[in-house]
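In what follows, a single structure is set out as structure tokens and then discussed.
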Amino acid sequence: MSLMQSSLRGLLAVVLTAAVGCALAQSVSKPNVVVLATGGTIAGAGASAANSATYQAAKVPVDKLIAGVPELADVAHVRGEQVFQIASESFTNEKLVTLAKRVSALAKDPAVDGIVITHGTDTVEETSFFLTLTVHTDKPIVMVASMRPGTAMSADGMLNLYNAVVLAGDKESRGKGVLIAMNDDILSGRDASKRINIKTNAFSSQWGALGLVVEGRSYWFRAPVKRHTVNSEFDIDSISTLPDVQIVYGSGNMGTALYEAAAKSGAKAIIHAGTGNGSVADYAVETLKKIRASGVQIIRSARVADGLVLRNSEQPDDKYDWVVANDLNPQKAKILAAVALTKTNDPKELQRIFWQY
Ligand code: DAS
């Protein structure tokens, strides 16, 4: 063999070794992300590309969702599990507990670096808050949904799912509580909610996004300050059922029948979604005091989207032994009340919990 041939062979061997090494390094460095699918619009299908709002939710299985975004393989090793296939307005306490227990088990697996949960938009805010309160891990747990089905023009699900997988594999996502990836935003699972019911920029929080995901990279600007995940006193591994909590929506001329019906149906707490600052109609105060005296907790939230309900402002909460929901909207307050009631029925302890979570 001539000198030229042997030096070419040597060069080829070096190049090949480098290429294999690089591929191996990339493969080893890619995080392992599990996608838990529960249904929703992100798994929806419409009759035509023009159907962005008329479609059937919860149709597409998780493996098809993953296959629909081949770029996921560039950022992580991804595998899927189909936990449910439902529209999220149909979530129940039992389904919340089942999902959270699966997330908790996966989070304990050293081979899992992050978890994505595909979910309907209607109640993703409740599920994300429930998980942030009860799953003890600092690994990224990222909820993702979409406002349009994958069959629609300018469908938002593919990029939302890609961003969610990026976040689930991002070391900077660790310890931030459960996240929601929607419309390029990184949102806190504690305080983000669906505030528009028909547009792709549906989700936001009055306290702002935590950051952005752009072209497969996360940009962080803030972190949650409330207790969550590993710093939570609540643990899904010791929760099997959730107490029933109901919301009564405040309005003019509302009467008291709905409060009485909620108490009669066995609710352990009633979330009062009051007008203004959680205001209670004068004709309803005695009814709520009677319900409180029967052992049911009264928690004042507000139908007004932003702000926070101040204790003893509109009503003498100390005197009536009522609780205020801080900045939590009624549906978030319902989740926190149900979780808190698995541990305590003391209104003073409940109030501490509403200030801390
Ligand atoms: N019905 C809605 C849900 O499943 C569809 C969606 O927006 O995801 O929450």
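Go ahead and run the numbers for FRET between ASP63 and HIS136, Cβ-Cβ distance against an R0 of 35 Å, rounding to 0.05.
Values: r = 29 Å, r/R0 = 0.83.
For R0 = 35 Å, the calculated efficiency reads 0.75.
Treat each spin label as a single point 7 Å out from the Cα along the C-beta direction, and report the THR241 to ASP346 distance in nm.
Each label point is offset 7 Å from its Cα along the Cβ direction, giving 2.5 nm.
For the chain, set up a Gaussian network in which alpha carbons nearer than 10 Å are linked by springs, and say which option among MET254, MET147, MET158 fluctuates the most.
Maximum among the listed residues: MET254.
Write down the accessible area per residue of the chain in Å², having rolled a 1.4 Å probe over the full set of protein chains. Numbers along the way, then the final one.
Numbers: 16100 Å² over 357 residues.
Accessible area per residue: 45 Å².
Efficiency by 1/(1 + (r/R0)^6): what FRET value for LYS108 and LEU258, r their Cβ-Cβ distance, R0 = 51 Å, to the nearest 0.05?
Details: r = 42 Å, r/R0 = 0.82.
So, using R0 = 51 Å, E works out to roughly 0.75.
Could you give the dipole magnitude of the chain about its Cα centre, charging the beta-carbon of Lys and Arg +1 and that of Asp and Glu -1, in debye to the nearest 20?
On the way: 36 positive and 34 negative charges, 40 e Å.
With Lys and Arg at +1 and Asp and Glu at -1, about 200 debye.
Taking the dipole about the Cα centre of the chain, with the C-beta of Lys and Arg at +1 and of Asp and Glu at -1, give me whichever of ALA281, ASN183, VAL304 is farthest to the positive side.
Farthest towards the positive pole: ASN183.
Bin width 10 Å, alpha-carbon pairs only: give the P(r) of the stretch 179-285 as whole percents, running from 0 to the bin holding the largest distance.
12, 26, 30, 25, 7, 1
Sort the following peptides by mean Cβ neighbour count (other Cβ atoms within 10 Å, averaged over residues), highest first: 31-39, 219-227, 245-253.
Numbers: 31-39: 23.1, 219-227: 13.8, 245-253: 16.6.
Put in order of decreasing packing, that is 31-39, 245-253, 219-227.
So what is Rg over Rh here for the chain, counting just Cα atoms and using Kirkwood for Rh? Please report the intermediate quantities before stating the final value.
Working: Rg = 23.8 Å, Rh = 21.8 Å.
For the chain, the value is 1.09.
Rounded to two decimals, what is Rg over Rh for the stretch 71-216 when you use alpha-carbon atoms and the Kirkwood radius? Working shown, then result.
Numbers: Rg = 14.0 Å, Rh = 15.2 Å.
Answer for the stretch 71-216: 0.92.
Please report the carbon-and-sulfur percent of the accessible area for the chain; probe 1.4 Å, protein heavy atoms only, DNA, RNA and ligands left out. Before the final figure, lay out the partial values.
Working: 8940 of 16100 Å².
Roughly 56 percent, rounded to a whole number.
For LYS108, go through the aspartates and glutamates and keep the ones whose alpha-carbon is under 20 Å away, minus same-chain ones fewer than eight residues off.
Those aspartates and glutamates meeting the cut-off are GLU81, ASP138, ASP170, GLU172, GLU233, ASP235, ASP237.
When ranked by the protection proxy of mean other Cβ atoms within 10 Å per residue, highest first, what sequence do the peptides 180-189, 207-216 form?
Most protected by this proxy first, the peptides run 180-189, 207-216.
Could you tell me how far the Cα centroid of the stretch 104-141 sits from the Cα centroid of the stretch 194-229, in Å?
16 Å
Mind scanning LYS64/LYS101; LYS101/LYS264; LYS176/LYS332 and naming the pairs with a C-alpha gap bigger than 26 Å?
Values: LYS64/LYS101 24 Å; LYS101/LYS264 31 Å; LYS176/LYS332 18 Å.
Long pairs (Cα-Cα over 26 Å): LYS101/LYS264.
The values are calculated or read from the model by the stated rules, or taken from the named source; none is laboratory data. Please read all numbers here as calculations on a predicted model, not as lab measurements. FYI the Cβ positions are ideal-geometry reconstructions off the backbone, even for glycines, and counts take in every protein chain you see. With ligands, DNA and RNA removed, areas are computed over all heavy atoms of the protein, side chains included. Shrake-Rupley method; radii C 1.70, N 1.55, O 1.52, S 1.80 Å.
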